[in-house]
Amino acid sequence: MSRALPKYHKRRVFMIGGAAAVVLSGAVIAGSALAGETSQSNGNASTKASPGTISCPAVEGSLPEIPASAQAEVDRNLALLDTQIQEANQRLVDTVGQGGPNFVQNAILGPLEDKRVAALNRIETAIGRAAEKPEGLEALAACTLDAAGGAAAGEEAGAGGDAAGEAGDTGNAGGAADAGDAAGGGAADAGAGDAAGGGAADAGDAAGAGAAGTISCPAVEGSLPEIPASAQAEVDRNLALLDTQIQEANQRLVDTVGQGGPNFVQNAILGPLEGKRVAALNRIETAIGRAAEKPEGLEALAACELNQ
């Protein structure tokens with residue numbers, strides 16, 4: 001018995017040591033797996049952060065002394081400018097990987113600039129009611145993407161493997177450059193899809209225009225008061241600009257048939273068009289207001305719609 005005990009203890013130690021080794025190996029494997037998950041999670045976080053942020057010129061430092069009667073309206077529009085940037089940054093994050101090479105410009109930066117133009121025009125008008133009206137604030141409307149955002153835009157452009165990855169993400173094997181555009185095109189681009197599937201792709205520009213539909217906007221001239229002679233030229237210029245904007249939007253509608261998801265037309269065409277129309281309508285109000293009672297509420301005529 002006494003001689004067997006050492007052997008027993010040796011076997012016991014060996015078994016315990018082996019079990020400990022197994023446990024340790026399992027811990028290492030589990031640790032490696034967790035590390036992989038953490039790395040993957042960090043990679044996702046890095047991807048989500050890749051769009052960067054939008055930066056816009058400061059406005060307050062470019063304003064003249066603000067009359068007390070205009071302070072509330074100026075403050076309201078300054079706050080609106082900040083809100084617009086926040087919303088654009090959020091949209092930048094929400095749409096990572098969507099769209100073609102110009103998606104950020106067309107669907108985020110362009111509409112943001114138009115909204116800023118309208119707010120800046122309202123600030124000019126508010127100050128101009130009680131003091132000398134500042135001019136040229138529209139120069140502060142354009143915003144830019146920071147360095148990280150530029151890199152994300154490069155990915156959207158479809159260069160090399162990034163474009164192919166975008167194509168895989170959106171499930172569109174047919175076009176890396178516009179993978180985000182083509183994904184989910186269903187209802188919004190059904191006309192374009194029917195044209196392609198039915199052999200109408202070679203039917204010419206007229207067929208393409210039919211598939212895209214046309215944009216219609218509310219008439220403006222009938223809603224204007226009597227126009228002072230001193231304002232007539234500026235009003236006419238902006239009315240002509242409103243017509244040009246619709247023509248350009250209709251052309252863009254034809255040029256981008258088959259692109260974008262279900263909200264592409266709204267985000268990249270109708271939204272920017274509305275912003276431009278708001279700015280032109282504000283200029284019409286301001287021009288008339290310099291020599292007569294300023295009309296209000298023309299912005300209600302800014303929204304346009306797509307006719308299929």
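Please state which one of A268, A291 is among the aliphatic types (A, V, I, L, M), in contact with a helix residue (DSSP H, G or I) (Cβ under 6 Å, 6 or more places away or on another chain) and under 21 Å from T95 (Cα atoms). Show your work before the answer.
Values: A291 fails: under 21 Å from T95 (Cα atoms).
So the residue among A268, A291 that is among the aliphatic types (A, V, I, L, M), in contact with a helix residue (DSSP H, G or I) (Cβ under 6 Å, 6 or more places away or on another chain) and under 21 Å from T95 (Cα atoms) is A268.
Being within 30 Å of E296 (Cα to Cα) and open to solvent by 20 Å² or more (accessible area, probe 1.4 Å) is the filter here; which residues of segment 253-270 pass it?
Looking only at segment 253-270, we keep the residues that are within 30 Å of E296 (Cα to Cα), and these are 265-270.
Selection gives V265, Q266, N267.
Looking only at residues in segment 106-137 that are touching a residue at least 12 places away in the same chain (Cβ under 8 Å) and open to solvent by 60 Å² or more (accessible area, probe 1.4 Å), which one is nearest to S69 (Cα to Cα)?
The extreme case among them is R129.
Out of curiosity, is N250 of a type outside the set (A, V, I, L, M, F, W, C) and either modelled with pLDDT of 90 or more or in contact with a strand residue (DSSP E or B) (Cβ under 6 Å, 6 or more places away or on another chain) (or both)? Reasoning before the result, please.
Numbers: of a type outside the set (A, V, I, L, M, F, W, C): yes; either modelled with pLDDT of 90 or more or in contact with a strand residue (DSSP E or B) (Cβ under 6 Å, 6 or more places away or on another chain) (or both): yes.
Criteria met by N250.
Please enumerate the residues belonging to segment 222-252 that are surrounded by 11 or more Cβ atoms within 10 Å (Cβ to Cβ) and acidic (D, E).
Result: E234, D236, D243, E248.
Just the residues that are over 26 Å from the mean Cα position of the chain (by Cα), of a type outside the set (S, T, Y) and in a helix (DSSP H, G or I), please, taken from segment 59-81.
Selection gives G61, A68, A70, Q71, A72, E73.
The values are calculated or read from the model by the stated rules, or taken from the named source; none is laboratory data. On a predicted model such as this, the values are computed, not experimentally measured, just so you know. For neighbour counting, all protein chains shown are included, and Cβ atoms are generated from backbone atoms with ideal geometry for every residue, glycine included. Note: areas computed on protein heavy atoms with side chains; ligands, DNA, RNA excluded. Shrake-Rupley method; radii C 1.70, N 1.55, O 1.52, S 1.80 Å.
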